[in-house]
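Scroll down for the structure; my scribbles are underneath it.
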Amino acid sequence: MTAIAGSGEPSPSNPLDLLEELVSANDWTFERASEAELAVQVTGSWADYHIWSVWHEELRAMTVACHFDCRVPAAKRADVLDLLALFNENLWLGHFDYSHGEGRVLFRHTVPLRGTQGASVEQLEDLMDTAVAECERFYPALQLVVWADQPSSRAMAVATLEPQGSA
């Protein structure tokens, strides 16, 4: 893409600094490995979620990856990949991915920040909320496929079931 002449590129601040403040305010466990990396643990309804955020200064983009402890047995890999495809068709932000080396499912999303002064608190809240919410929604479906031998279509139907009424 051609750049517009004279479009001064602001240098965005590191969004991980603001994310660290947000994480601290929520009393989540975290570790700041470097200026470019922040690891966070969030307790959900189904599992503990491990969120790894990386600031790519040269790309002016921030990546968030969220995973939970559940290794996919090799015999279930094809079924899980089918489930991931079904889930990804229904996502607006981010996507689920499968790490062949670790046999693990993770949710990923990258936010480009070129041309901005950095991410807002609201954007970071949405990013964290989306990562955890999608993993919470996906977790039971994954368990149905991996441990209950349910087909991915049935697991997806359960995951997208909209509750009616109230208890």
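Selection of segment 142-167 for residues being of a type in the set (Gly, Ala, Ser) and either at pLDDT 95 or above or not in a helix (DSSP H, G or I) (or both) yields ALA148, GLY165, SER166, ALA167.
The set of residues from segment 117-132 being surrounded by 14 or more Cβ atoms within 10 Å (Cβ to Cβ), in a helix (DSSP H, G or I) and of a type outside the set (D, E, K, R) comprises GLN123, LEU124, LEU127, MET128, THR130, ALA131, VAL132.
In segment 27-39 there is no residue matching the filter, namely being among the polar types (S, T, N, Q), farther than 16 Å from VAL111 by Cβ and either modelled with pLDDT under 95 or not in a strand (DSSP E or B) (or both). Pairs meeting the criteria (first residue in segment 142-167 and over 16 Å from GLU89 (Cβ atoms) and of a type in the set (S, T, N, Q), second residue at pLDDT below 90 and surrounded by 14 or more Cβ atoms within 10 Å (Cβ to Cβ), beta carbons under 9 Å, at least 6 apart or on different chains) are GLN143/CYS70.
Within the option set ARG137, ARG71, ARG114, being of a type in the set (Lys, Arg), loosely packed, with under 14 Cβ neighbours inside 10 Å and out of contact with any strand residue (DSSP E or B) (no Cβ under 7 Å at 6 or more places or on another chain) holds for one residue only, ARG114. Scanning segment 59-93 for residues that are among the polar types (S, T, N, Q) and either part of a helix (DSSP H, G or I) or closer than 17 Å to ALA155 by Cα (or both) turns up ASN88, ASN90. Residue selection: PHE96 fails the criterion of being outside any loop (DSSP other than H, G, I, E, B), among the aromatic types (Phe, Trp, Tyr) and at pLDDT below 95. Exactly one residue among SER13, SER7 is of a type in the set (Gly, Ala, Ser), farther than 15 Å from THR130 by Cα, modelled with pLDDT under 95 and surrounded by 12 or more Cβ atoms within 10 Å (Cβ to Cβ), and that residue is SER13.
The values are calculated or read from the model by the stated rules, or taken from the named source; none is laboratory data. Predicted model only: the values in this text are computed from it and were never measured. Cβ: placed from backbone, ideal geometry, glycine included. Neighbour counts: every protein chain shown.
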